[in-house]
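Peer 1: Here it is: the structure, laid out below.
The values are calculated or read from the model by the stated rules, or taken from the named source; none is laboratory data. These numbers were taken from a predicted model, which means no experiment stands behind them. Every residue, glycine among them, receives a Cβ derived from its backbone with ideal geometry; neighbour counts consider all protein chains shown. Heads up: the accessible areas ignore ligands, DNA and RNA and are worked out on the full protein's heavy atoms, side chains in. Shrake-Rupley method; radii C 1.70, N 1.55, O 1.52, S 1.80 Å.
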Amino acid sequence: MAMAAAATSASFALAKLLSSPKIKQPISLLAPHKKTNSIFSSSASFTPFPLKFHHSKPLNFSTTGAPKISATISSGDKLPDATLSYFDSSDELKTVSVSELTTNKKAILFAVPGAFTPTCSQKHLPGFVEKAGELKAKGMDTIACISVNDAFVMKAWKKDLNIGDEVLLLSDGNGDFTKAIGCELDLSDKPIGLGVRSRRYAMYVEDGVVKILNLEEGGAFNVSSAEDMLKAL
Amino acid sequence: MAPIAVGDSIPDGTLAYFDEQDQLQSVSIHSLAAGKKVILFAVPGAFTPTCSMKHVPGFIDRADELKSKGVDEILCISVNDPFVMKAWAKTYPDNKHVKFLADGSASYTKALGLELDLSEKGLGTRSRRFALLVEDLKVKVANVEAGGEFTVSSAEVILKAL
C-alpha cells in the first residue's frame with residue numbers, strides 16, 4: 001500500500017511540475033548541480049574547462065535530460081540508477097553505478113550529510129566500520145557510505161579515519177543519486193555554506209530493491225546506525 | 001557577474017571557518033581587507049592534487065616573504081564547507097599565516113564572477129584558480145587561470161608584483 005501511495009505522490013509531484021508554465025528553471029533545491037539558493041540568479045555559467053586530473057580519463061557525470069523530481073524513496077521501491085565515484089587503492093578515480101552495487105546483491109547503503117562533520121565522523125561511519133564484519137556475516141556483499149562530497153574529499157576522509165576495505169566511501173558529487181531518491185537536505189540557507197546534502201539514512205537493499213529503510217529527519221542520528229541495521233536484518 | 005578585474009573594488013561577502021577552539025565563525029571579507037593589503041587566492045577543491053601539492057604550499061612557504069612586503073592577510077578560499085576546509089588546513093601543520101576560508105555555497109565566488117562549473121566532473125560549482133592582490137578593497141593584481149592550470153596564480157607571481 002505504501003508503494004502505491006509513494007508512486008501516486010511521485011506522479012502528483014511530477015504532474016504539478018510539468019503543468020507549471022515555465023519549467024526552464026526548476027526550484028533551486030532540485031536544480032541540477034546547483035548548491036546555492038535561488039537569490040543568486042546570476043546566470044554566468046562557464047563552459048566546463050578541461051580540468052586535468054593526474055589519474056583519469058575525463059569522466060562524464062552528466063545525466064540526460066531534466067533532473068528527476070522524486071518522492072522520497074521507501075521500502076519496496078527499486079533504487080534508481082546513478083553514478084557514484086571514488087578513488088581506488090591505486091589512487092585511480094573510478095565510477096560505480098548504483099545498479100552495479102546492488103543488482104543480485106545484498107547491500108547496505110548509508111548516507112551522511114557531510115564528510116568531516118562531527119556526528120558523521122565520530123559515530124555514524126565508524127559504527128559501520130566496526131560492525132562491518134558482523135554485517136558481512138549476515139550476508140551483506142557491500143557496505144557503502146554515500147555523501148554529497150567530491151571524491152577527493154571522500155578519499156581524504158577515508159584516510160583520516162583509517163578506513164580500509166570494510167566500507168566503501170562513495171561520492172555523490174552532484175547529488176544526483178540523493179535527489180533521485182528524494183533524500184536531499186537543503187542546507188543552503190545556513191551561514192555555514194553546506195549547500196544541498198543528503199539526509200542521513202541507512203538502507204538494506206536486496207537485488208536493487210529497498211527492503212529496510214531507516215531515514216532520519218535531517219542530520220539526526222536515531223535510527224540509522226549500524227546497530228539499528230543489524231537488529232533489523 | 002563579470003569576472004572581477006584590476007581597478008574594481010572587491011564585493012563584501014561572508015565566509016566561514018573553524019577557529020582554534022573549533023568554534024564555527026563567519027567573517028566578512030571587507031572586515032579582513034579594508035585598509036589592508038591582502039592576497040586572496042582560490043582553488044577549485046580542497047584535497048585535489050594541484051591545489052594541495054602546489055598552489056597552497058606555495059603560499060604557505062612564501063608567507064613570510066609576502067608579509068615582509070607588507071601583505072597583511074593571505075586568504076585561501078574554496079567552494080568547500082568549513083569542515084572540509086578545517087580538515088584540509090590540518091594537513092599543513094607548518095602553516096602560520098594562510099587562513100583557510102570556506103565559501104560553501106559559492107556565493108562569494110559568484111560575487112567575484114569567478115565560478116567554474118565542474119558538474120561534469122562530479123564537483124558541482126567551484127571556483128576558478130586565481131590570486132588577487134587587493135589594497136584597501138581595490139584590486140591591484142588579478143591573476144586568474146583560464147582553466148585548471150597553475151601558472152599565473154602562484155605565490156611567486158604575486159610576489160614579483162609586490
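Peer 1: Which one of these is over 26 Å from B:S107 (Cα atoms), modelled with pLDDT of 50 or more, of a type in the set (G, A, S) and open to solvent by 30 Å² or more (accessible area, probe 1.4 Å): A:S121, A:S99?
Peer 2: A:S99
Peer 1: Now for a separate question. Checking the condition touching a residue at least 24 places away in the same chain (Cβ under 8 Å), at positive phi and either away from every other protein chain (no Cβ under 14 Å) or outside any helix (DSSP H, G or I) (or both), which residue from B:G113, B:G45 passes?
Peer 2: B:G113
Peer 1: Those residues that are of a type in the set (V, I, T) and either touching a His at 6+ places or on another chain (Cβ under 9 Å) or without any contact (Cβ under 8 Å) to a residue 40 or more places away in the chain (or both), I need them from the range B:72-90; list them, please.
Peer 2: Of everything in the range B:72-90, those that are of a type in the set (V, I, T) and either touching a His at 6+ places or on another chain (Cβ under 9 Å) or without any contact (Cβ under 8 Å) to a residue 40 or more places away in the chain (or both) turn out to be B:I74, B:V84.
Peer 1: What do you reckon, is B:V141 among the aliphatic types (A, V, I, L, M), open to solvent by 10 Å² or more (accessible area, probe 1.4 Å), in a strand (DSSP E or B) and over 19 Å from B:V27 (Cα atoms)?
Peer 2: For B:V141, the condition - among the aliphatic types (A, V, I, L, M), open to solvent by 10 Å² or more (accessible area, probe 1.4 Å), in a strand (DSSP E or B) and over 19 Å from B:V27 (Cα atoms) - is met.
Peer 1: Do you know which residues across the range A:156-171 are within 7 Å of chain B (Cβ to nearest Cβ) and charged (D, E, K, R)?
Peer 2: A:D160
Peer 1: Determine if the range A:172-179 includes at least one residue that is open to solvent by 10 Å² or more (accessible area, probe 1.4 Å), part of a helix (DSSP H, G or I) and of a type in the set (A, V, I, L, M, F, W, C).
Peer 2: Taking every residue of the range A:172-179 in turn, none turns out to be open to solvent by 10 Å² or more (accessible area, probe 1.4 Å), part of a helix (DSSP H, G or I) and of a type in the set (A, V, I, L, M, F, W, C).
Peer 1: May I ask you to say which residue of B:K96, B:K36 is away from every other protein chain (no Cβ under 14 Å), at negative phi, at pLDDT below 95 and surrounded by fewer than 20 Cβ atoms within 10 Å (Cβ to Cβ)?
Peer 2: Just a single option satisfies the conditions, and that option is B:K96.
Peer 1: Here's something else I'd like to know. Which numbered condition trips up A:F152, out of (1) of a type outside the set (S, T, N, Q); (2) part of a helix (DSSP H, G or I); (3) open to solvent by 30 Å² or more (accessible area, probe 1.4 Å); (4) modelled with pLDDT of 95 or more?
Peer 2: For A:F152, the exception is condition (3).
Peer 1: In the range B:119-130, what residues are at the interface with chain A (Cβ under 7 Å from one of its Cβ atoms), farther than 13 Å from B:T48 by Cα, open to solvent by less than 20 Å² (accessible area, probe 1.4 Å) and in contact (Cβ under 8 Å) with a residue 40 or more places away in the chain?
Peer 2: If the condition is that a residue be at the interface with chain A (Cβ under 7 Å from one of its Cβ atoms), farther than 13 Å from B:T48 by Cα, open to solvent by less than 20 Å² (accessible area, probe 1.4 Å) and in contact (Cβ under 8 Å) with a residue 40 or more places away in the chain, then B:G124 is the only one that fits.
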